[in-house]
Amino acid sequence: MSHAETAAAPAPEQAAAGGAWRRLLGSELRLTFGRRRNLVLLLGLAAVPILLGVVLFVTQDTAVGSQGPGFIGRVTGNGLFLVVAALFTCLPFLLPLTIGIVAGDTIAGEAATGTLRYLITLPVARTRLLLAKAVVALCFAAAAVATIAVVGLLTGWVLFGLSDLVLLSGDTIGQGPALLRMLGVAGYVAMSMSGLVMVGVLLSTLTETPVAAMAGTVTVAVVSAVLDSLPQLSAIHPGLLTHHWFDFAELLRLEVSPEALVPGLIVQAVWVLLAGTLAWSRFTSADVTS
């Protein structure tokens, strides 16, 4: 082997570390997505667009069927709007609740079952373990949003059909661009959940009781929403975790303004960085007893 080939080849330690990381991540993914409770949570989210679609389909010829907040009243005219309506319905509570349960269980769940101490005695750095737990929690949040979006799309197609999309600005775009807009909406909502995921991971490092971390994560989302509804606190609204959650509506205008979407992504990045740093500091220095 030439000197150049030797230099280009990965060191055995790096290859071993990469393999260990993939095995750890794969194990955590199987554990999280194979847990019956988490599958039930995803099924519960999948039921929302189905129930919403059926109710709107049954009542579409009545006065009640033409009413509804937000995007719900548009669903009967185009099944694509069921994706947006389902996400709009789940965002205030059900989606944060689902994500809070999984994120709050990341570390505290292992501590409660007595497996955390065993995990950190293995040749796995605490930082790597925490990162794997956080990545899997983020993947679950993305899967939760994708479940709502995909089931909403299929249900809307079956019940109401898909057609060219009339945007909030009154302009019409074809089905292809409309599907891309729905993908963008789901992607933005998924990224908007990242801050809440890391808050859940942080709280999970502070307790050995999973229920406390789960409840705390959901409470953070609820308190943020309450504070965001008080005009007297408008000065702090832009930095609240939930303030920009519904900014995905910008993607339903003809000309999408980045200035309307970027602030929400920046806020989530700040929450992820802050909560992630605190979680790392706590987890890497804590005395694990269980």
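The values are calculated or read from the model by the stated rules, or taken from the named source; none is laboratory data. Everything quoted here is computed from the prediction, not taken from an experiment. Glycine gets a Cβ as well: all are built from the backbone with ideal geometry, and neighbour counts include every protein chain shown. For the accessible areas, the whole protein counts, side chains as well, though only heavy atoms, and no ligand, DNA or RNA atoms are used. Shrake-Rupley method; radii C 1.70, N 1.55, O 1.52, S 1.80 Å.
Treat the stretch 126-256 as a sphere of radius equal to its Kirkwood radius over Cα pairs and apply Stokes-Einstein at 25 °C in a medium of 0.890 mPa s; give the translational diffusion coefficient in µm²/s, rounded to a whole number. Before the final figure, lay out the partial values.
On the way: Rh = 17.1 Å.
Estimated diffusion coefficient is 144 µm²/s.
For the chain, relative contact order (Cα pairs under 8 Å, six or more residues apart, normalised by length) works out to 23 percent. Please report the carbon-and-sulfur percent of the accessible area for the chain; probe 1.4 Å, protein heavy atoms only, DNA, RNA and ligands left out. That fraction is 69 percent. Each of ALA186, THR205, GLY176 was placed along the dipole of the stretch 155-265 (beta-carbon charges, centred on the mean Cα), and the one lying farthest toward the positive end is THR205.
In a simple Cβ point-charge model (Lys, Arg +1; Asp, Glu -1; nothing else charged), the stretch 79-212 has a dipole of about 360 debye relative to its Cα centre. Here the peptides 247-259, 203-215, 133-145 are ranked by packing, the mean other Cβ count within 10 Å, and the order with the highest first is 133-145, 203-215, 247-259. With the biggest extent put first, the Cα atoms of the chain measure 67, 54, 40 Å across the principal axes.
Computed FRET efficiency, Cβ-Cβ of THR277 and ASP61, R0 51 Å: what is it to the nearest 0.05?
Values: r = 55 Å, r/R0 = 1.08.
E(calc), rounded to 0.05, equals 0.40.
Per residue, the accessible area of the chain comes to 49 Å² when a 1.4 Å probe rolls over the protein heavy atoms.
Would you mind putting 19-29, 72-82 in packing order, based on average other-beta-carbon counts within 10 Å, highest first? Before the final figure, lay out the partial values.
Working: 19-29: 14.2, 72-82: 22.3.
Packing order, densest peptide first, comes out as 72-82, 19-29.
Using only alpha-carbon positions, what ratio does the radius of gyration of the stretch 69-204 give when scaled by 2.2 N^0.38 Å? Output field value: 1.32. Each Lys and Arg adds +1 at its Cβ and each Asp and Glu adds -1 at its Cβ; summed about the Cα centre, the chain shows a dipole of about 780 debye.
Estimated from helical segments only, the mean residue ellipticity of the chain at 222 nm is -23000 deg cm²/dmol, where each DSSP H run of four or more residues counts as -39500 (n - 2.57).
Once the Cβ-Cβ distance between SER257 and VAL226 is put in as r, and R0 is 25 Å, what FRET efficiency do you end up with, to the nearest 0.05?
Working: r = 28 Å, r/R0 = 1.12.
Working from the Cβ atoms, E equals 0.35.
Listed by number, the DSSP H helices of the chain that run 24 Å or longer by alpha-carbon position along their axis and have mean Kyte hydropathy of at least 0.0 are 36-59, 126-160, 175-192, 210-228, 258-285.
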